1. Hey, any idea what % of the chain's accessible area is carbon plus sulfur with a 1.4 Å probe?
2. At 1.4 Å probe size, what's the solvent-accessible area of Glu157? Round to the nearest 10 Å².
3. What accessible area per residue comes out for the chain, rounded to a whole number of Å², with a 1.4 Å probe?
4. Per residue of the chain, what 222 nm ellipticity follows from adding -39500 (n - 2.57) for every DSSP H run with n ≥ 4, rounded to the nearest 500?
5. How large is the charge dipole for the chain, taken about the Cα centre, if only the Cβ atoms of Lys, Arg (+1) and Asp, Glu (-1) carry charge, to the nearest 20 debye?
6. Name the long-range amide H neighbours of Ala147: under 5 Å, sequence gap of 5 or more, or other chain; modelled H, no Pro or chain starts.
7. Name the most mobile residue of Ala242, Ala163, Ala144, meaning the one with the largest mean-square fluctuation, in a Gaussian network model of the chain with Cα contacts below 10 Å.
8. So what J values fall out for region 274-282 if you push phi through Karplus, 6.51 cos²θ - 1.76 cosθ + 1.60 with θ = phi - 60°, rounded to Hz, Gly and Pro as x?
Amino acid sequence: MAQIAGALTQPLSEQQAGLTSLFAQIGTLMSAQNAGSVSLPDSVTKAMQQILGLRLNLSGGPTAGDFQQAVRQSGQFREAQLALPGNSGGAVPDLKSALLSLKSLLQQLGHRPEIARPAGQPAAPSRHTPPQGQAPQSASGYWAGAAPQNLQALLKETDAALARLRLTQLANTGLARESGPQVAAKPMDVVLELPLALGQETAVMQMQIGRDGAGNQTDDESEPAWRLRFALDLTATGPLEAAISLRGGGTYASLWVERKDTFDNLNAVRETMEAAFADAGLDLQELRLVRGLPPKTAAYYGAMIDRQS
């Protein structure tokens with residue numbers, strides 16, 4: 001299995017592109033379609049609308065249930081859901097299934113995949129290295145009317161996004177050998193990428209989840225500890241990274257902020273953020289706001305974050 005995973009990693013790494021590139025392409029085509037500048041088949045339009053609907057909407061403040069649904073719809077668990085007993089193909093709609101359906105539709109319309117290495121590829125998803133969010137991309141171009149180049153470009157972006165999803169699934173098996181520095185002594189268990197909708201923009205949050213084993217000293221310490229890391233990069237905030245540890249009924253949270261204005265704004269609402277933890281039923285022991293992103297080579301996810309709180 002490790003040899004198979006190794007053989008798949010290289011081609012997927014070369015073909016993958018960030019999910020924001022696909023969403024930018026879909027957003028451009030949908031806007032052009034609504035303005036009457038392009039003419040797309042109804043079936044393609046409906047497929048693109050379904051994909052846009054799988055984003056986590058940040059307007060109004062998402063709930064815990066919204067995040068739970070976004071994780072289920074991320075596409076990482078498609079095969080596991082299909083394998084559930086009694087499942088007859090009625091699994092929860094997810095991003096991978098939607099992309100596979102769109103690819104099949106475009107091929108039925110006569111378009112053929114073009115294997116190419118996209119420009120500006122993001123780093124491959126990893127359970128070992130710090131998470132990296134994907135910033136929204138500017139609108140891409142299109143061809144007027146019913147030009148077939150629009151659908152061919154859409155197929156290319158769809159293939160690149162599918163390669164990204166498969167590469168993420170491969171990273172979660174633990175079989176793929178990852179390149180580059182691995183700063184975390186203990187890897188996280190799962191890495192996910194969630195598309196976020198904010199106005200007309202789509203960003204992608206990369207999230208990593210890990211569970212530590214039980215301790216041997218006290219009853220509190222015998223409970224498993226959960227670690228959560230995530231990163232995102234919104235136009236309104238700039239890059240953000242966070243690390244959260246849950247252990248013994250307590251919570252520790254650290255938030256790194258690159259931009260000064262975002263840092264100042266968050267500092268001004270610190271009490272509100274602390275109250276939000278309490279409203280969620282979490283016993284917040286510490287909330288750290290740090291100006292500047294952590295060094296990518298620093299193992300800051302170890303003892304500092306994974307501790308009893």
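The values are calculated or read from the model by the stated rules, or taken from the named source; none is laboratory data. Not measured: the values here are computed from a predicted model. Here the Cβ positions follow ideal geometry from the backbone for every residue, glycine too, while neighbour counts run over all protein chains shown. What goes into the accessible areas is simple: the full protein's heavy atoms, side chains included, and nothing from ligands, DNA or RNA. Shrake-Rupley method; radii C 1.70, N 1.55, O 1.52, S 1.80 Å.
1. Working: 7990 of 15220 Å².
On the chain, the fraction of accessible area on carbon and sulfur atoms equals 53 percent.
2. Answer for Glu157: close to 40 Å² accessible.
3. Details: 15220 Å² over 309 residues.
Per-residue accessible area for the chain comes out at 49 Å².
4. Helices in the chain give a 222 nm mean residue ellipticity of -11500 deg cm²/dmol.
5. Working: 25 positive and 28 negative charges, 186 e Å.
In total the dipole reaches around 900 debye.
6. Ser39
7. Ala144
8. 4, 5, 5, 4, 5, 4, 7, x, 9
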